[in-house]
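One structure is given below, encoded as structure tokens.
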Amino acid sequence: MMCLRRCFSVTLMALIMTLAASVFAEQQTWKVNLKDADIRAFVTQIADITGYSFVIDPRVKGKVTVVSNAPMSQDAVYEMFLSVLSVHGFAAIPGAGVIKIVQQNNAKQTADNPAYLNRVPSEQIVTRVIQVKNANALELVPILRPMVAKYGHLAGVAAANALIVSDHVANIKRISRIIDELDSPSKYELEVVQLEEAWVGDMVELLEELAPSELGKTAKAKSSAKKFSVVADQRSNRLILRGDETFRTKMRVLIAKLDQPSSTGGKTKVIRLKHADAEDIADLVKGLIGDIATEESAEKGKAAPKSEANVYADEGLNALVIRGEPSLLQELEGIIDQLDVRRAQVLIEAAIVEIEEGVDDKLGVQWALYDQGSSVPGALTNFSNIGGLTTAGILAALLEKDSSDDGNFSPEAIGSPGPGITLGVGETRDSGVSWGALVQALEGDNAVNVLSTPKVITLDNQESSIFVGQNIPILTGSSTSGGAGTSDPFQTIEREDVGVELIVTPSISEGELVRLEIEQSLNNLTLSSTTVDVITTKRKIKTNVLADDGETIVLGGLISDDVKTSEQKVPLLGDIPFLGALFRSTSTEVRKSNLMIFLRPTILRDKADAQRVTQSKFDELWELNLELKAMNGATPEELQRLEKPEIDGLYTEMQLR
């Protein structure tokens, strides 16, 4: 009994886990966005999503572009996959445990019942046998053949009075419905009427209005709907009539009167685009028109015409003007409607953080001795690695004072002392011997923190850039007068951008993943020691990265540690322990810098996302305004009385100060 309960519990647990996994699979969705991707990589991605195994024909090659903004289930992804294959002339044929990707022309030879799939998609190419009960199957073949794709197959079997069809599931269902309507008893015959001017879609609607008793909505609910019908074959612009002689005669008369040339001389439609660019869509549609015309001409056994329709783009209205056959217009309108979708935007935020730290330690002692009556009148130590005053400069100033007429001392002759402390001591004795010492010491510590945060919003798959900085002049050449042929002096100058520049192209992929093509550069201005020109420093990153929506990633960084040590001393005396410090000068400079660049993309799919980001940045601006007021002496009570204006106030008279 215990064993039976244990087995029942295990079975129940397995069933619950299976149902949970099934519900999770049904709820999970994907978005597929590709641009000029290799079709084999596209098949690999579909295999990961659907779990199917694929075998690819070596002749299957090319690039595909897929734009998907709505989440799709696993079945919808595979349906979309079949549509993409069909557009590029390929087909997926399920086999024993795998799906073969082949050319459409070879699909009808291997199409079979797809028992391997969980659900048969409408775009799947399969082979079906349709049994005809009343009509002659061989007579239906020429009527139905134009409805089958050129890479499909339609044949009649006289012995079994059946039809064998290889085509997409959706098209086979449509053909089956037509066969059901045409497969009537012998007294109800079939007749095909070719339209010359009118379009079959409009013609069927007119006939239903003009013959309500046979074709109207009330007639469809009665048994007469099984006797009389008018079926539109949009592929060949033909009408298929089913009924007795009286009904067919009535329809022929109406059709002959209605199938007249248009008063405007053609069919023209204006489509105003909401999101897409008219020029880009026009180029795409022109290519599709050529493919459609070639396909239809091949089915009719005729040479391909130059074009079946004309497409013009109006950039001012962002609209398309299409002129052509009604059946082609309807197909193109459906394609344009799927392409004219709102594109997502991406907010790119970059943070450039640079931290610099410097330490200066300098100490030096300089001596001077002067004996006016000695054969060696003087001696001195002169060190220059600290900068500022030197003993040589001081002695020169003293000699200038003694030789001057007025005996005044000139401070300009000494020079300016360096940073830190400078101490001078000395003595002049009655014997004429003078001595002096110059002590200089400096200890410095400095730190710099530079933060730049450029931000830019751009469309998906659209390059955008932002530059914050200056455009400075740089001397590149000059000439002065003084020689033959150079009497006119001149200077040549070029201008260069100095600042922060961000160039980025985002591409949104499946799973809220953003692929970024980034070029980030940081230019700084440094004064030249020659005081004639300037020196610019440039740090640049050019890379491609992947980041999730709202994820912060580091692009790169540069860490440097420079140490400069300089020592000047009197030989021998400078090496004496402790006492040698009086006869030498030491200088140590330490420079450390750390430069890091961070980046965060945020996907903005709709208007609400864009408004949320805009309001957030406006709130940051208002907080900065309050901080500035507080720094200028505003009290907390005054700040509380301030009311934050609406963001639309930026375009009126709103001021933040």
Query - Given charges at Cβ of Lys, Arg, Asp, Glu: the stretch 312-353 dipole, positive-most of Ile322, Leu332, Ala350 - result: Ala350
**Report entry** Point-charge dipole on Cβ atoms (K/R +1, D/E -1) for the stretch 539-657, about Cα centre, debye to 20
**Finding:** 700
**Report entry** Nearest-0.05 FRET efficiency for Asp38 and Thr246, computed from C-beta distance (R0 56 Å)
**Finding:** 0.40
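How high is the relative contact order of the stretch 543-592? Use alpha-carbon pairs under 8 Å, at least six apart in sequence, and give a whole percent.
Values: 42 pairs, mean separation 19.9, N = 50.
Once divided by the residue count of the stretch 543-592, the mean separation gives 40 percent.
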Report summary line: For Leu639 and Lys592, extending 7 Å from Cα along the Cα-Cβ vector and measuring point to point gives, in nm, a value of 3.4
Report task. Give the long-range amide H neighbours of Leu604: residues separated by 5 or more places, or on another chain, with amide H under 5 Å away, using H modelled in the peptide plane at 1.01 Å from N. Result -> Gln345, Val346, Leu347
Requested in this report: Leaving ligands, DNA and RNA out of it, rank Met631, Met251 by accessible area with a 1.4 Å probe, largest first.
Outcome: Met631, Met251
Report summary line: Applied in sequence order to the stretch 502-514, the curve 6.51 cos²θ - 1.76 cosθ + 1.60 (Karplus, θ = phi - 60°) yields integer Hz couplings, x standing for Gly and Pro, of 10, 10, 9, 10, x, 9, 7, 10, 5, x, 6, 9, 10
Report summary line: In the stretch 555-622, taking the dipole from +1 charges on Lys and Arg beta carbons and -1 charges on Asp and Glu beta carbons about the Cα centre, the listed residue (Phe598, Trp622, Thr588) farthest towards the positive end is Trp622
Query raised in the report: Short version: ³J(HN,Hα) in whole Hz for each residue of the stretch 158-175, in order, from phi by Karplus 6.51 cos²θ - 1.76 cosθ + 1.60 (θ = phi - 60°), x for Gly and Pro, what are they?
Result: 5, 4, 9, 6, 9, 10, 10, 10, 10, 6, 5, 4, 4, 6, 5, 5, 5, 5
Query raised in the report: Taking H as built 1.01 Å from N, whose amide H comes closer than 5 Å to the amide H of Thr127, not counting residues under 5 places away?
Result: Asp112, Asn113
Query raised in the report: If the limit is 25 Å between Cα atoms, which of Lys61/Lys100; Lys150/Lys227; Lys538/Lys592; Lys542/Lys607; Lys133/Lys173 go over it?
Result: Lys150/Lys227; Lys542/Lys607
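The values are calculated or read from the model by the stated rules, or taken from the named source; none is laboratory data. Bear in mind the structure is a predicted one, so any value in this text is a computation, not a measurement. Ideal geometry is used to build each Cβ from the backbone, glycine not excepted, and the neighbour counts take in all protein chains shown. The area values use the complete protein model at the heavy-atom level, side chains included, leaving out ligands, DNA and RNA. Shrake-Rupley method; radii C 1.70, N 1.55, O 1.52, S 1.80 Å.
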